[in-house]
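Trainee: The structure that follows is given in the form of structure tokens.
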Amino acid sequence: MISVSNLKKSFGDLVVLDGITETIEKGEKVVVIGPSGSGKSTFLRCLNLLEQPTSGVIEFEGRDITHAKGRELNSVRMKMGMVFQHFNLFPHLTIRRNITIAPVKNKIMTQAQADKRADELLAMVGLSDKADAYPAQLSGGQKQRIAIARTLAMNPDVILFDEPTSALDPEMVGEVLSVMQTLAQEGLTMLVVTHEMGFARAVASEVVFMDQGVICEHGDPKDVLGAPKTERLKAFLASML
Ligand code: ADP
Ligand code: MG
């Protein structure tokens, strides 16, 4: 589904991604771990071209999208959903409108179809009673579940999650992870940056450890988390305890 080869990204003199090569197959759940500043967010943002890569090639569903512009870029963004640490809901819109605005604007659905889909998605994330509320009336965990529903409303082929639970109070982490676990079981292709090692163990088909802009280790979660090879990963995992 996504194939990245030798992806590099610099900001001025600062090399943030120094040659990332990675393939994500349909249905895979790739969990990315690594210390702060290692380039995890930049990697995700390069995949859906929120950042323009400095060099390297990104293929998505068989097409080179590295230099996509205009309609093609828009189509990539629609098929590659993204969930952010800070939710990024529209504060002035109701929850229902937050979920329906993109599919209606992009003419994927009529308002009536989008409203029906919003009802299904709200039920799926356990927030049917919040359709007419505004984001400010929701807890962090509820906001993030809505952000996931909003992303799903576009029927994306893959969702990129950038530390979706890092901004939450501890008691709200579980409700968001549980929605993500359901999506994983339903077969959604997911790329998840997270520090939740329990989630990585339970859900990941592959764990990728990034450090200083490179993939330092990757593979089966049992191996990467259970039998780290490099000192860098051993130190990182020890710091997570
Ligand atoms: P992570 O998500 O692993 O914490 P990031 O990808 O956010 O890491 O950042 C990696 C490095 O890139 C950091 O040093 C950060 O300051 C730098 N960086 C990220 N975005 C920008 C930007 N737009 N301009 C300049 N530097 C940036
Ligand atoms: Mg980050």
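The values are calculated or read from the model by the stated rules, or taken from the named source; none is laboratory data. Bear in mind that the values here come from a model prediction, so they are computed numbers and not experimental data. Note that we place each Cβ from the backbone using ideal geometry, even for glycine, and neighbour counts take in every protein chain shown. SASA here: full protein model, heavy atoms, side chains in, ligands and nucleic acids out. Shrake-Rupley method; radii C 1.70, N 1.55, O 1.52, S 1.80 Å.
Trainee: For region 14-101, report the convex hull volume of the alpha-carbon atoms normalised per residue, in Å³, without decimals.
Mentor: Numbers: hull volume 13.2 nm³, N = 88.
It is 150 Å³ per residue.
Trainee: Taking θ = phi - 60°, what integer Hz values does the Karplus form 6.51 cos²θ - 1.76 cosθ + 1.60 yield along region 48-61, in sequence order, with x for Gly and Pro?
Mentor: Once θ is set to phi - 60°, the couplings for region 48-61 become 9, 6, 5, 10, 7, x, 6, 7, x, 10, 10, 10, 9, 6 Hz.
Trainee: Still on this model: As I understand it, the value is the acute angle between the Cα axis of helix 111-124 and the longest principal axis of the Cα atoms of the chain; what does it come to in degrees, rounded to 10?
Mentor: Tilt relative to the chain: about 60 degrees.
Trainee: Ratio of alpha-carbon Rg to the 2.2 N^0.38 Å globular estimate for region 151-241, to two decimals, please.
Mentor: Output field value: 1.13.
Trainee: List the trypsin sites (Lys or Arg not before Pro) within region 58-87 that fall in a DSSP loop (any state other than H, G, I, E or B) and whose Cβ has at most 13 other Cβ atoms within 10 Å.
Mentor: Passing sites in region 58-87 are Lys69.
Trainee: Also, quick follow-up: What is the mean projected area of the alpha carbon convex hull for region 102-194, to one decimal in square nanometres?
Mentor: Spelled out: convex hull of the Cα atoms, projected over all directions, averaged, 6.1 nm².
Trainee: By average Cβ neighbour count within 10 Å, what is the ranking of 191-204, 7-20 from highest down?
Mentor: Put in order of decreasing packing, that is 191-204, 7-20.
Trainee: Another question, then. Compute the long axis of helix 70-79 from its Cα atoms, compare it with the longest principal axis of the Cα atoms of the chain, and write down the angle in degrees, 0 to 90, nearest 10.
Mentor: For 70-79 against the chain, the angle is about 90 degrees.
Trainee: Could you state the per residue volume, in Å³, of the convex hull enclosing the Cα atoms of the chain? Show your work: numbers first, answer last.
Mentor: On the way: hull volume 30.6 nm³, N = 241.
Enclosed volume per residue, from the Cα hull, is 127 Å³.
Trainee: Suppose we keep just the DSSP beta bridges with both residues in the chain; what percent of those would be antiparallel, to 5?
Mentor: 55
Trainee: In this model, which of Lys26/Lys107; Lys8/Lys79; Lys29/Lys69; Lys79/Lys234; Lys9/Lys107; Lys8/Lys105 are farther than 30 Å apart at the alpha-carbon?
Mentor: Those over the limit are Lys79/Lys234; Lys9/Lys107; Lys8/Lys105.
Trainee: Per-residue HN-Hα couplings for region 232-240, Karplus 6.51 cos²θ - 1.76 cosθ + 1.60 at θ = phi - 60°, whole Hz, x for Gly and Pro?
Mentor: Result, rounded to whole Hz: 4, 6, 4, 5, 5, 5, 5, 6, 7.
Trainee: While we're looking at this one, here's another question. Can you give the angle from 0 to 90° between the axis of helix 140-152 and the longest principal axis of the chain, with both taken from C-alpha atoms, to the nearest 10?
Mentor: For helix 140-152, the angle is close to 90 degrees.
Trainee: Return one whole number: the accessible area per residue of the chain in Å², for a 1.4 Å probe.
Mentor: Heavy-atom SASA per residue in the chain reads 46 Å².
Trainee: Over what distance in Å are the Cα centres of region 158-189 and region 5-75 separated?
Mentor: 21
Trainee: For Glu51, which sequence-distant residues (separation of 5 or more, or a different chain) have an amide H within less than 5 Å of its own amide H, given hydrogens modelled in the peptide plane?
Mentor: Amide H neighbours of Glu51: Cys46.
Trainee: Using a 1.4 angstrom probe on heavy atoms only, work out the carbon and sulfur share of the accessible area of the chain in %. Write down the numbers at each step before the final one.
Mentor: Numbers: 5600 of 11120 Å².
Carbon-and-sulfur percentage of accessible area, whole number: 50.
Trainee: Grab the eigenvalues of the alpha-carbon gyration tensor for region 189-241, scale each by 5, take roots, and send me the semi-axes largest first in whole angstrom.
Mentor: Ellipsoid half-lengths, sorted descending, are 16, 13, 11 Å.
Trainee: Hey, could you grab the Kirkwood Rh for region 125-174? Inverse mean 1/r over distinct alpha carbon pairs, Å, one decimal.
Mentor: It is 11.8 Å.
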